[in-house]
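For reference, the structure discussed in these notes is given below.
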Amino acid sequence: MTRDDIIRMAREANLPSCHLTHPKALERFAALVAAHEREKPVQVSPLEFVTAVLEKENLVGKPSMWAQWPNEEKK
């Protein structure tokens with residue numbers, strides 16, 4: 001991940017522009033992104049998923065959650 005990638009992601013996350021020039025803020029943001037990339041997505045109910053992504057269809061990136069429809073029957 002390059003510095004330009006970090007700045008682009010910070011802008012997409014609406015991080016205030018004053019933080020984009022502060023090296024420590026960019027380091028913390030990069031650490032958060034790296035930690036997020038190591039996490040596995042969590043399965044949630046279809047209702048929770050739809051509620052979370054409503055009006056966020058333009059977001060791009062690694063998902064932090066997923067849902068399955070139709071649900072598998074639990075035995």
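The values are calculated or read from the model by the stated rules, or taken from the named source; none is laboratory data. Treat the numbers as computed from the prediction; the structure is a model and nothing was measured. Here Cβ is always computed from backbone atoms with ideal geometry, including for glycine, and neighbour counts include all displayed protein chains.
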Any hit, region 66-75, residues being out of contact with any Phe, Trp or Tyr (no Cβ under 9 Å at 6 or more places or on another chain) and either assigned to a helix (DSSP H, G or I) or among the small types (Gly, Ala, Ser) (or both): no
Residue list for region 29-51, restricted to those being closer than 10 Å to Met65 by Cβ and modelled with pLDDT under 85: Pro41, Val42
Region 53-63, residues that are surrounded by 10 or more Cβ atoms within 10 Å (Cβ to Cβ) and either of a type in the set (Val, Ile, Thr) or touching a Phe, Trp or Tyr at 6+ places or on another chain (Cβ under 9 Å) (or both): Val53
Unmet criterion (only one of (1) surrounded by 10 or more Cβ atoms within 10 Å (Cβ to Cβ); (2) assigned to a helix (DSSP H, G or I); (3) not assigned by TED's automatic domain parsing to the domain that holds Glu72) for Val50: (3)
